[in-house]
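These notes are about the structure you will find just below.
The values are calculated or read from the model by the stated rules, or taken from the named source; none is laboratory data. On a predicted model such as this, the values are computed, not experimentally measured, just so you know. A quick note on method: Cβ atoms are made from the backbone with ideal geometry, for glycine too, and the neighbour counts reach across all protein chains shown. For accessibility, only protein heavy atoms count, side chains too; no ligands or nucleic acids. Shrake-Rupley method; radii C 1.70, N 1.55, O 1.52, S 1.80 Å.
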Amino acid sequence: MNLKYGVNTIKKLSTLSKSLLIALSVLGIGTLAVASGQIPAISGAKTSDAVAIAQSKISLEQAVAIAQKTVEGDLISAEFDQNDYIEGGEYEIELIDSGMEHKVKVDASSGKVLKSKQGKMDQDDLAEYNAMRQAQKTLTQAMQKATQSVGGKITEAEFDFDNGIPAYEIEIAKGMDIHKLIIDSTNGQVISSQLDDDD
């Protein structure tokens, strides 16, 4: 009786030990993934975006060039999107051609075009596009200026109005930080540069 009870207890302990080892292994892998940036810590997507884009093989500038081979048009915005924490992210490039807005998605790891769709521009988009066409500097030139100023990898670039001034808004990941720059579209000068604290 005692011997049988002892064997059963050892079997139960063995099963418990295996379960505990599996749980600890999963926890260890999860912790390692968070530390390496594959799965972001819950505190702030900006940090994980910075890590993810640092690990991506394709830069935003390269993604723009790939998109422009698919659709010839004026670049109006480009953005890195970390839509899957394990597989990396993608770039969404917006181009205007003959009054039509084209959105091209490019894989940040392979450079492959994932999707391309087009649609008509609404009045607000058209007004903003016409204002951007009056600019002395292009979005591409603003991106070059931002990279020279900060270094790192661009995560987002778009035309916008900053206190009534037609400008380009550029976000750059450097280390674990995201820098936000506002660049004057008339002369290409940096209006402001600061760390982006938004989550």
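Whole-Hz ³J(HN,Hα) for each residue in the stretch 150-167, computed from phi via Karplus 6.51 cos²θ - 1.76 cosθ + 1.60 with θ = phi - 60°, x for glycine and proline: what do you get?
The phi angles translate into 10, x, x, 10, 6, 9, 7, 8, 7, 8, 7, 9, 10, 6, x, 8, x, 9 Hz.
How high is the FRET efficiency between SER109 and GLN148 when r is their beta carbon distance and R₀ equals 25 Å, given to the nearest 0.05?
Efficiency, rounded to the nearest 0.05: 0.45.
Which distance in nm do the two modelled labels at ASP177 and SER193 give, with both placed 7 Å along the Cα-to-Cβ direction?
Roughly 1.1 nm, to one decimal.
So what J values fall out for the stretch 138-149 if you push phi through Karplus, 6.51 cos²θ - 1.76 cosθ + 1.60 with θ = phi - 60°, rounded to Hz, Gly and Pro as x?
Listing the rounded values in order: 8, 4, 4, 5, 5, 5, 4, 4, 5, 5, 5, 6 Hz.
Leaving ligands, DNA and RNA out of it, work out the accessible area of GLU101 with a 1.4 Å probe and give it in Å² to the nearest 10.
Per-residue accessible area (GLU101): approximately 30 Å².
Heavy-atom accessible area per residue, the stretch 57-134, 1.4 Å probe: how many Å²?
Per-residue value: 58 Å².
Can you compute the charge dipole magnitude of the stretch 49-144 about its Cα centre, using +1 on each Lys and Arg Cβ and -1 on each Asp and Glu Cβ, nothing else charged? Give it in debye, rounded to the nearest 20.
340 debye
Give me the percent of accessible area attributable to carbon and sulfur for the stretch 86-128, probe 1.4 angstrom.
Here carbon and sulfur together make up 42 percent of the probe-accessible area.
Quick one: in the stretch 102-175, what % of C-alpha pairs are over 15 Å apart?
Across the stretch 102-175, Cα pairs with separations above 15 Å total 66 percent.
Considering only protein heavy atoms and a 1.4 Å probe, what is the carbon-and-sulfur percentage of the accessible area of the stretch 133-199?
40 percent
Using a Förster distance of 41 angstrom, determine the FRET efficiency expected from the C-beta separation of GLN141 and LYS117, and round it to 0.05.
E between GLN141 and LYS117, to the nearest 0.05, is 0.90.
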